[in-house]
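Structure first, commentary second.
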Amino acid sequence: MRHVGWVAGAAAAALVAAGAITYAVADGDGSGMKAPTAGSADAGFARDMAVHHQQAVEMSYIVRDRTKDVEVRRLAYDIAQTQANQRGMLLGWLDLWELPKVSSDAPMTWMGMGDMASGKDGALMPGMATNTEMKKLNTLSGKQAEIFYLQLMTDHHKGGIHMAEGCVAKCEVGVEKKLAQGMVDAQQSEIKLMADMLKERGAKARG
């Protein structure tokens, strides 16, 4: 599909725009600022988005094996690769800052929304699929798998955008804020693309 390559390019550009993102130093963004604390928005976003991204990667690899549709497989591959790379950056920063990758705080506490997601059935943060939904995706094939994946990923992106916008507003490390804004831009484009792909399959996003 002609749109998929464009979105993939946008996602790649978002990664490149982050600059020397994997070389971020322990003193924040290299400006001499002290490294973030464990309770900061910077650390909270890195931890939470790493978990959020991991599920998107898992969903994408599931659907890749459940359909032969070139458009969906290409989109799934692009999302998996982009979010796996971003996840590596986020976890790498936590290592550089010498901060734990897990926290006893509820997800999104750094946004002041620690009680926003119930965590019921594995949905730890807004937009995340439940364990039941993940299992269902594993049972579908062909067009049914495509539609369900596009619906799940649309919800997932909406939740991810909400979190990324929170980092843009609250994070202090420059390269992390840039990465978060890149996530917002790329995922908004992918939501539009997925709406078109759902329409082509006689379906639409949930809710």
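Data for the structure
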{"item": "Area accessible to solvent at Glu71, 1.4 Å probe radius, in Å²", "result": "50 Å²"}
{"item": "Per-pair calculated FRET efficiency, R0 = 41 Å: Ala38 and Thr130 via Cβ, rounded to 0.05", "result": "0.90"}
{"item": "Additional length obtainable on full extension of the chain from Arg74 to Gln188, 0.36 nm per residue less Cα span", "result": "39.3 nm"}
{"item": "Violating pairs (Cα-Cα greater than 27 angstrom) within the set Lys68/Lys136; Lys68/Lys101; Lys101/Lys178; Lys101/Lys158; Lys34/Lys178", "result": "Lys68/Lys101"}
{"item": "Solvent-accessible area, 1.4 Å probe, carbon plus sulfur percent, for region 38-85", "result": "45 percent"}
{"item": "Using a Förster distance of 35 Å, the FRET efficiency for Leu96-Asp121 (Cβ separation, nearest 0.05)", "result": "0.55"}
{"item": "Ile62 accessible area, assembled protein chains, probe 1.4 Å, Å²", "result": "30 Å²"}
{"item": "Gained length - Met113 relative to Arg201, 0.36 nm times residue gap less alpha-carbon distance", "result": "28.1 nm"}
{"item": "Sequence of Tyr149, Tyr77 from largest to smallest accessible area, 1.4 Å probe", "result": "Tyr77, Tyr149"}
{"item": "Trp110, Trp93, reordered so the largest accessible area comes first (probe 1.4 Å)", "result": "Trp110, Trp93"}
{"item": "Heavy atoms of Met113 accessible to a 1.4 Å probe, total area in Å² rounded to 10", "result": "60 Å²"}
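The values are calculated or read from the model by the stated rules, or taken from the named source; none is laboratory data. If you're wondering where the values come from, they're calculated on a predicted model, not measured in any experiment. Every residue, glycine as well, gets a Cβ built from its backbone with ideal geometry; the counts of neighbours run over all protein chains shown. These area figures cover heavy atoms from the full protein model, side chains too; ligands, DNA and RNA do not enter into them. Shrake-Rupley method; radii C 1.70, N 1.55, O 1.52, S 1.80 Å.
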